[in-house]
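Shown next, in structure tokens, is the structure this report addresses.
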Amino acid sequence: MEITNDVKYLGVDDFQTDLFEGQYAVPNGIAYNSYAILDQKTAVMDTVDTHFSGEWLEHIRAALDDRDPDYLIVQHMEQDHSANIGIFMEQYPNAVIVSSAPAFAMMKQFFGTDYPDRRRMVKDGDTLSLGSHCLTFIGAPMVHWPEVLMTYDSLDRILFSADAFGKFGALSVNDPWEEEARRYAIGIVGKYGPQVIKVLNRVSSLDLQIICPLHGPVLKENLDHYLNLYRLWFSYQPESEGVVIAYASAYGNTREAAELLAFELLSRGCPAVAMHDLARNDLSRAIADAFRYPKLVLASITYNAGISPFMAEYISRLNERCFQNRTVALIENGSWAPTAAKTMKGMLESCKNIIWADTMVQIRSALNENSRTQVLSLAEELWPAAD
Ligand code: FEO
């Protein structure tokens, strides 16, 4: 695949991995992107996952037309991008690795060497000339590891953005960008909003035509759309109107309350209600939706004098990603000593700028007239019916 006259795609699609990073389901696979820049000197940008060494080396040979690469630019040391550094360095004994000091320290950990005679250490603001293409490195610590560099090619006006602007899904699966990019971004880097915003502020001053991430499609059009979404996600602001209902039910009574609430919200004209059964649905999707919409309803059984373990895990993951700036409502169920609402509220108490709904729904075993009325009141509070 040609990105510009001088920049070629070298990446691979992975349909073998079921759980990315051992935790994120990737039913549509995932792409590990790598690029070549052809100039007086040639550079390869990052490697790919360990299972695709042969395919990737073949892509290099084809793209470089049997020229040897002069540089391997390592932007990120997570293994999905760095696993083939050793193989590359054996294959191309004259190549030099260009990367950050912390990346070389990690290379020693992963490969037993930091290539002292074949390396060029760079930091934020440093440049590398390939001839016509001048590359400027942009430090992007914690987007998503501390060693990360992004790279700007001022000739083709390309930002090689490391993990940023990536998504789940192989390139041969042409699914919409937003859904899987949001799940990827919030899941992987949600904790590091301020660091992402800092890099976005740097990037906004660049003359940009193309973004080349390490996962997902190369972005060539309407770049402001992607930049604006990143700014919303990582400043922890909601993206669109709607309500998330995340529930953990045992015998269906708590689920029934969640479904009644969803029906009432939609009846009142709420534009989107995202329902997640936390025991069965992919938690990363429920997390991404909590970052997408401004209102979140948590509905849980009381369990062992606390809450459902699935709800506990969900709230823990929200906390881990600095969940904030949202309205949160609670539904609890308990047959003899309901404690779920108190437990859920306590688990979220360190989150910033949470507005708690006035209405709290308490179910005693099963919905009755009283708790149904509470559900209707909660629906009216979250999405008042138009007059
Ligand atoms: Fe795609 Fe942080 O690695």
Filtering the range 10-46 down to residues that are over 29 Å from Ile287 (Cβ atoms) and polar (S, T, N, Q) yields Gln40, Thr42
Scan the helices (runs of 4 or more DSSP H) fully inside the range 74-191 and keep the ones with 2 or more residues being under 17 Å from Val203 (Cβ atoms). 177-189
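So which residues in the range 14-29 are in a loop (DSSP other than H, G, I, E, B), farther than 18 Å from Ser53 by Cα and of a type outside the set (A, V, I, L, M)? Break it down stepwise before answering.
First, the residues of the range 14-29 that are in a loop (DSSP other than H, G, I, E, B): 15-18, 21-23, 26-29.
Subset that is farther than 18 Å from Ser53 by Cα: 18, 21-23, 26-28.
Matches in the range 14-29: Asp18, Glu21, Gly22, Gln23, Pro27, Asn28.
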Residue ranges of strands (runs of 3 or more DSSP E) in the range 267-352 with at least 2 members under 23 Å from the mean Cα position of the chain (by Cα) and touching a residue at least 60 places away in the same chain (Cβ under 8 Å): 295-303
Among the residues of the range 45-82, count how many are of a type in the set (Asp, Glu) and more than 15 Å from the ligand (Cβ to nearest atom). 6
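Could you pull out the residue among Val199, Val244 that is away from the ligand (no atom under 16 Å from the Cβ), modelled with pLDDT of 95 or more and surrounded by 18 or more Cβ atoms within 10 Å (Cβ to Cβ)? Write out each step before concluding.
Values: Val199 fails: away from the ligand (no atom under 16 Å from the Cβ).
One residue alone meets the criteria, Val244.
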Among the residues of the range 168-176, are any in contact with a strand residue (DSSP E or B) (Cβ under 6 Å, 6 or more places away or on another chain), of a type in the set (D, E, K, R) and within 16 Å of the ligand (Cβ to nearest atom)? no
Which listed residue is in contact with a His (Cβ under 9 Å, 6 or more places away or on another chain), buried (at least 18 other Cβ atoms within 10 Å of the Cβ) and either of a type in the set (Phe, Trp, Tyr) or on the phi > 0 side of the Ramachandran plot (or both), from Tyr293, Tyr314, Tyr303: Tyr314
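The values are calculated or read from the model by the stated rules, or taken from the named source; none is laboratory data. Computed from a predicted model, the values in this text were never measured in an experiment. Virtual Cβ from ideal backbone geometry, glycine too; neighbours counted across all protein chains shown.
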